[in-house]
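The block underneath contains the structure these notes are about, expressed in structure tokens.
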Amino acid sequence: MNQQKRGEIFARLAAANPQPTTELEYRTPYELLVAVILSAQATDKSVNLATRELFKAVDSPQRMVALGIDGLIPYIKTIGLFRTKAKNVVEMSRLLLERHGGAVPSTREGLEELPGVGRKTANVVLNTAFGQDTMAVDTHIFRVANRTGIAPGKNPLEVEERLLKFVPEPYRRNAHHWLILHGRYVCKARTPDCPTCLIRELCEYRQKTKDV
């Protein structure tokens, strides 16, 4: 795929959704970090249902540490892997207090030192909370980047690096949000909704679905 086509793809995505953002509900960088940790192998919808109640009671690392693992579990037990996530969230909160004065670090190194925070989670926080040009490559972005030809790669890191290289600079800040939403609602895994796709004729996927 050439750069002219990529530019047109992102111009259309931007026109349709000028201010995309995560579907996770949060008010502060700390709440976003907690929500993203909880979202691993879970839907944003299930996380939001849990955090709506959790964040009424706990809105800071201090309160999370005071709540503790056993106190956190009842709030998040509907989310997959809740025991491991509870342990990670409480320990992450403790380390924020110990190492960062309770503030969420705005560097990849600082974030990835925290329990439950891998590269993808760090990229979400750096982009959404701190406005950095990062690409959080989840299953949706990996699929869309490969299927469309925008930035094909063999693994998430390769796709991430190619997106950072190929996405035109004006669109880089919001690109991963557009691609996630496109993959979640249009370019779906089993049956992509090609007839309603606004980038259909620009996409290089050969097995496009048709109107029934």
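The values are calculated or read from the model by the stated rules, or taken from the named source; none is laboratory data. Worth saying up front: this structure is predicted, and the values here are computed from it rather than measured. Cβ coordinates were reconstructed from backbone atoms using ideal geometry, including for glycine residues, and neighbour counts include every protein chain displayed. The area values use the complete protein model at the heavy-atom level, side chains included, leaving out ligands, DNA and RNA. Shrake-Rupley method; radii C 1.70, N 1.55, O 1.52, S 1.80 Å.
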The residue from ASN48, ASN17, ASN2 that alone is of a type in the set (S, T, N, Q), surrounded by fewer than 19 Cβ atoms within 10 Å (Cβ to Cβ) and under 17 Å from ALA86 (Cα atoms) is ASN48
Are there any helices (runs of 4 or more DSSP H) wholly within the stretch 102-178 with 1 or more residues that are closer than 26 Å to ARG63 by Cβ, and if so which? 108-112, 119-128
The stretch 34-81, subset of a type in the set (D, E, K, R) and assigned to a helix (DSSP H, G or I), residue farthest from THR22 (Cα to Cα): ASP70
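Results for (1) under 16 Å from the mean Cα position of the chain (by Cα); (2) surrounded by 15 or more Cβ atoms within 10 Å (Cβ to Cβ), shown as yes or no for each residue.
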| site | (1), (2) |
| --- | --- |
| VAL36 | yes, yes |
| ALA40 | yes, yes |
| THR43 | yes, no |
| GLY68 | no, no |
| TYR75 | no, yes |
Spot the failing condition for SER93; the list is (1) farther than 25 Å from GLY183 by Cα; (2) open to solvent by 70 Å² or more (accessible area, probe 1.4 Å), and only one is missed. (2)
Considering each residue of the stretch 179-212, count those that are among the β-branched types (Val, Ile, Thr), open to solvent by 60 Å² or more (accessible area, probe 1.4 Å) and part of a loop (DSSP other than H, G, I, E, B), and give that number. 2
So is ASP193 farther than 19 Å from GLN41 by Cα and in contact with a Pro (Cβ under 6 Å, 6 or more places away or on another chain) or not? no
Residue check for LEU163: open to solvent by 20 Å² or more (accessible area, probe 1.4 Å) and among the hydrophobic types (A, V, I, L, M, F, W, C): no
Taking ARG143 as the residue in question, decide whether it is surrounded by fewer than 17 Cβ atoms within 10 Å (Cβ to Cβ) and among the basic types (Lys, Arg). no
Go over the candidates ASN146, ASN127, ASN174 one by one and state the one that is of a type in the set (S, T, N, Q) and more than 13 Å from the chain's Cα centre (by Cα). ASN146
